[in-house]
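Participant: The following block contains the structure, expressed as structure tokens.
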Amino acid sequence: MEQEFDTAKERVEIIKRYRALLRSSKSKKKSADSLIIRKAFDMALEAHSGTRRKSGEPYIYHPIEVAQIVVDEIGLSTTSIVCALLHDVVEDTDVTLDDIESIFGETVARIIDGLTKISQVFDQTSSIQAENFRKMLLTLSDDVRVILIKLADRLHNMRTLGSMAPHKKQKIASETLFLYAPLAHRLGLYAIKSDLEDLGLKHTEPEVYETIETKLKKTKSVRTRFINQFTLPIKRSLDESEISYDVKGRTKSIYSIWNKMQKKGIPFEEVYDVFAIRVVIDSNPNKEKADCWQAYSIVTDFYTPNPDRLRDWISTPKGNGYESLHTTVMSPTGKWVEVQIRTKRMDDIAEKGFAAHWKNKGSGTESALDEWIRKIREMLENPNIDAVDFVDDFKLNLFTKEIFVFTPKGELKTLPANATTLDFAFEIHTQVGEKCIGAKVNHKLVPLSYQLKSGDQVEIITSKKQKAKEDWLKIVVTGKAKSKIKILLKDGKRTLAKIGETIFQRKLKNYKIQPSEENIKAILEFYELPNLLELNYRIANDTVDITTLKKHVQENGSLKFDEPKNVEKTLKQIVSTVRGKTDQLVLGENMDDIDYKFSPCCSPIPGDDVFGFITINEGIKIHRVNCPNATQLMANYAYRIVQAKWTSQESISFLAGLNIKGIDDVGLVNEITKVISNQSKINMQSISFESIDGVFEGKIMLFVQDTKHLNNLTEKLKKIEGIHNIERVDTN
Ligand code: MN
């Protein structure tokens, strides 16, 4: 591997990047600080030596760049730089926390410990709920620098996401959009927040991103001309007022434009506030408010403000420290334009959070930083600190007890936290809930009990054969779903009891038991059940084994029997009854009066060659022609064989199993589920994989319609790289 890279050139590049980091951190650094940063750099360089990132670059580029972000974009200082440089060593290399503590002291060790734990818990788990994420951040991070460095880490990973495998990209990017970006927002790190959002969108919806990017480029010159004309009178007037200022047009981030298009259902062309005008003034700390309002007065001298859209976050700053004065005014061309007025200090805080401000002011003492950290902790601990903010941006649900999910058409549904796919199905419609067998969440198949997260897009999968079940009550959390399921269960019980009654009557006949009141009473006593309804219901849902009745009958003379007949005679009678009704079974067609079952020994599905075998007590059993028992049955009991074929009309789902063998690969399971979920009308019941020494074996249980359908899928699965063998297996 090594010789493929120009390591000499890389060494020069590493030193170059390291020097750039030192320069950024230098402004007010003592030499002691430089020394400790150097030590951290040396340790990281040594520990990561020989390892490379997915892109092929030396691994050390990553911690250096994370440290650079920590300095430039968050404004933290020495301790955080040291931690950023070392953030991956405990997790990925032989360096231990004790090593770190002995060289860099307790604070650095504690922060690195927090960072290691976060990545262990968070990066490895496929889905973590937002609320848990917040709790974890709180418990793991005694020191908020853990969170800030984690954000820098994530930002650099997002900037270098290009070389990751597509499914990993998707996971990391969506996680970024739903957890990290709102967190950055919450902490007042607006520049990082919008960077994370744009990068997140770029990798989750590349086409959307590109379209908006192109449109922004195309409209740039028109926009610049408009902004120049619009700001001209404001600038002239500000010049006369002796306020020193900077006025510029700020284009919105691609993500927030897209967000607006989504929320309002409008095309790019109709987003009126693609840009805002920002007036940043140099102001004396005790004149800030007056100066900002003076600037406001100048702006509104030229343009009429919309009174509904005045936001004064100077008198009452936002919970995360954001201060600014926003107004929307009417331009001469009839377009609304947002104008943001703030001082240089406010602008710094808005872009980089408090830390940048402390740093720029030169008051970068530990106590000032501590003060800021204390503020952030308060904010994390108090979710309701700024309720109005939440309404503005639903993604901030990071701190609420509700989640927001979408229908396939993009309709928003609000559910309580912990709500499952089944809750969602009942939220849509009772019938959808009743027939729900699973769902696709963000295009991936999930079970009924899957806990939804904010931002999930949920497509419910239904089946005509599905019925409400008792244990559903444990899966749902909404009152609506619970009460609907209870009603359905009651209805279902009566319907089921009818089916059970038929079975029961037939059994009585088979066992030659008279259906007398006396006999029924004895049977109920035997099963310890209160009434016939309950018995019939339980027979139908298989919670009572009616065959045990036979044993009871044999051992206990308390039941009155019909005249005993010999078995041979009974069998002949059954065979002739069946033959009298039909000479060929058509499976799947409505043949109520003929009792047949699919034999569990070979689990036939439509399309299989099958035959029926007449049994004495269990009606006709359907076997596959190539069932291991078939030859014996056909040879010895030819007169009991009934021809059978499948109807082509009705579409019922059948359970089939596939055994898959291949060479282990991280993306393989994902590939397999993707192929299955792309195949229409196939639903997965379960999937289990086991991997030993790089060879994996998996079993997938699927609901398919027939063999053709199943073969089709098998062919597609065989094409996946890494899969060596696929076999049909029995379902039990
Ligand atoms: Mn990292």
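Conditions (1) in a helix (DSSP H, G or I); (2) open to solvent by 60 Å² or more (accessible area, probe 1.4 Å); (3) not acidic (Asp, Glu), marked per residue:
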residue	(1), (2), (3)
TYR272	no, yes, yes
GLU288	yes, no, no
GLN294	yes, yes, yes
SER297	yes, no, yes
ASP301	yes, yes, no
LYS318	no, no, yes
HIS326	no, no, yes
GLU338	no, no, no
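Participant: Considering region 670-702 alone, what residues qualify as being under 12 Å from SER653 (Cα atoms), in a strand (DSSP E or B) and either small (Gly, Ala, Ser) or modelled with pLDDT under 80 (or both)?
Facilitator: Those that are under 12 Å from SER653 (Cα atoms), in a strand (DSSP E or B) and either small (Gly, Ala, Ser) or modelled with pLDDT under 80 (or both): ASN683, MET684, GLN685.
Participant: Out of all the residues in region 471-512, which are among the hydroxyl-bearing types (Ser, Thr, Tyr) and either over 30 Å from PRO416 (Cα atoms) or not in a helix (DSSP H, G or I) (or both)?
Facilitator: Once the filter is applied, which keeps residues that are among the hydroxyl-bearing types (Ser, Thr, Tyr) and either over 30 Å from PRO416 (Cα atoms) or not in a helix (DSSP H, G or I) (or both), region 471-512 yields THR478, THR495, THR502, TYR511.
Participant: Working carefully through the options GLY75, GLY50, find the one that is away from the ligand (no atom under 16 Å from the Cβ), touching a helix residue (DSSP H, G or I) at 6+ places or on another chain (Cβ under 7 Å), at positive phi and not acidic (Asp, Glu).
Facilitator: Of GLY75, GLY50, the one residue that is away from the ligand (no atom under 16 Å from the Cβ), touching a helix residue (DSSP H, G or I) at 6+ places or on another chain (Cβ under 7 Å), at positive phi and not acidic (Asp, Glu) is GLY75.
Participant: Among residues belonging to region 79-98 that are of a type in the set (Asp, Glu) and within 15 Å of the ligand (Cβ to nearest atom), point out the one that is nearest to LYS117 (Cα to Cα).
Facilitator: Filtering first and then ranking leaves GLU91.
Participant: Kindly evaluate LYS482 against the criterion of being charged (D, E, K, R) and under 45 Å from the mean Cα position of the chain (by Cα).
Facilitator: Yes; evaluated as a whole, the condition is true for this residue.
Yes/no per residue for (1) modelled with pLDDT of 85 or more; (2) within 16 Å of the ligand (Cβ to nearest atom); (3) in the same structural domain as LEU668 (by TED's automatic domain parsing); (4) acidic (Asp, Glu):
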residue	(1), (2), (3), (4)
THR116	no, yes, no, no
LEU137	no, no, no, no
LEU148	yes, yes, no, no
LEU199	yes, yes, no, no
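Participant: How do the pairs read when you match residues in region 78-95 that are without any contact (Cβ under 8 Å) to a residue 40 or more places away in the chain and in the same structural domain as ALA32 (by TED's automatic domain parsing) with residues anywhere that are away from the ligand (no atom under 14 Å from the Cβ) and open to solvent by 10 Å² or more (accessible area, probe 1.4 Å), using Cβ under 8 Å and keeping only pairs 6 or more apart or on different chains?
Facilitator: Within 8 Å, the pairs are VAL90/THR96; VAL90/LEU97; VAL90/ASP113.
Participant: Next question, about the same structure. Scan region 62-72 for residues that are open to solvent by 10 Å² or more (accessible area, probe 1.4 Å) and more than 11 Å from the ligand (Cβ to nearest atom) and report the count.
Facilitator: 2
Participant: Output yes when any residue across region 21-30 is away from the ligand (no atom under 13 Å from the Cβ), farther than 25 Å from ASP143 by Cβ and surrounded by fewer than 18 Cβ atoms within 10 Å (Cβ to Cβ), and no when none is.
Facilitator: Taking every residue of region 21-30 in turn, at least one turns out to be away from the ligand (no atom under 13 Å from the Cβ), farther than 25 Å from ASP143 by Cβ and surrounded by fewer than 18 Cβ atoms within 10 Å (Cβ to Cβ).
The values are calculated or read from the model by the stated rules, or taken from the named source; none is laboratory data. Since the model is a prediction, treat every value here as computed from it, not as a measurement. Please note: Cβ atoms are built from the backbone with ideal geometry, for glycine as well, and neighbour counts cover all protein chains shown. These accessible areas exclude ligands, DNA and RNA; they are computed on the full protein's heavy atoms, side chains included. Shrake-Rupley method; radii C 1.70, N 1.55, O 1.52, S 1.80 Å.
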